[in-house]
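**Student:** Quick one: the structure is below, questions incoming.
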Amino acid sequence: TNATEVKVTLKGNCKPNYTFDDQNIVLTEGWNFSTNGTQPSYIDLTSNVVRAAAYQNGKLYILQNKAWATPVVTIVDAYTGAQEGTLDMTGIGSATIQLSDIPAVDGKIIGCGCVTAAQTLRIYQWDSDSSAPKVLLEQVTGKIMGGSMSISGNLTNGRLWFTNDGTTEAYYYTISNGAVNSTLNTISLKKADG
């Protein structure tokens, strides 16, 4: 209530092809692929579906996987659309969807599978584009989860977030000093009226 209005003037340079003012943002298209038009050779919609994409350090990581299929994560130059390689899938465990989401954080890619209540949830980490995945957590949760995953904080201290598909609960694992704690924390979601 005792706040004072402060006006700040910002000055700086924009990247070429970008114009910013109070009303407009003008962007220039670098590349465009479409399932209805030109489709890149690294997208195979006959045997997989695109489930997720992550961005870091000028690269897109495009995850293709469907139930009971072998996952593929294609590494793409974010500025040209050219394929640069794929992530190693060595050791990715069995699940309804072996790899269902792949957030990027701290220069690494993390991922998880989508599991039934009886299956083992696995959380993976790729330290580089050429490394094999390592398992950060492996646990039967008794929950249907892993369809999507997000992270708050970082891989030193943070949280890995999940939904329980079809319910009104959210879950998280804490990360402390670089280790994922195996305790699954539950948040019951409610409408404002209870």
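Where a number appears in this text, it was derived from the coordinates with a stated rule and is not lab data. Only a predicted model underlies this, so the values are computations on that prediction, with no experimental measurement involved. When we count neighbours, we look across all protein chains shown, and the Cβ atoms used for this are built from the backbone with ideal geometry, even at glycine.
**Student:** Compare the Cα positions of 95, 142, 111 along the charge dipole of segment 83-150 (+1 at Cβ of Lys, Arg; -1 at Cβ of Asp, Glu; about the Cα centre) and return the one farthest towards the positive end.
**Tutor:** 142
**Student:** If I take R0 = 25 Å and measure r between the Cβ atoms of residue 27 and residue 174 in this structure, what FRET efficiency does the formula 1/(1 + (r/R0)^6) give, to the nearest 0.05?
**Tutor:** Numbers: r = 38 Å, r/R0 = 1.52.
My answer for the efficiency is 0.05.
**Student:** What is the projected area of the convex hull of the Cα atoms of segment 38-194, averaged over all directions, in nm²? Don't skip to the answer; put the middle values down first.
**Tutor:** Values: hull surface 41.9 nm².
Average projection, Cα convex hull of segment 38-194: 10.5 nm².
**Student:** Whats the longest run of the chain with zero trypsin sites (Lys or Arg not before Pro) that are DSSP loop and have at most 12 other Cβ atoms within 10 Å?
**Tutor:** Details: sites that count: 7, 11, 190, 191.
The answer is 12-189.
**Student:** Can you list which of the chymotrypsin sites (Phe, Trp or Tyr not before Pro) found in segment 76-134 are DSSP loop residues with at most 15 other C-beta atoms within 10 Å? Don't jump to the answer; show the numbers that get you there.
**Tutor:** Values: sites: 79, 124, 126; in loops: 79.
When the chymotrypsin sites (Phe, Trp or Tyr not before Pro) of segment 76-134 are filtered for loop state and at most 15 Cβ neighbours within 10 Å, 79 remain.
**Student:** Taking H as built 1.01 Å from N, whose amide H comes closer than 5 Å to the amide H of residue 69, not counting residues under 5 places away?
**Tutor:** 98
**Student:** Compute the longest continuous run of the chain that contains no exposed GluC sites (Glu not before Pro); treat a site as exposed when its DSSP state is not H, G, I, E or B and it has at most 11 other Cβ atoms within 10 Å.
**Tutor:** Numbers: sites that count: 5, 29.
No qualifying site falls inside 30-194, the longest such stretch.
**Student:** Okay, next question. List the aspartates and glutamates whose alpha-carbon lies under 19 Å from that of residue 134, not counting same-chain residues fewer than 8 positions away?
**Tutor:** Correct list for residue 134: 88, 101, 106.
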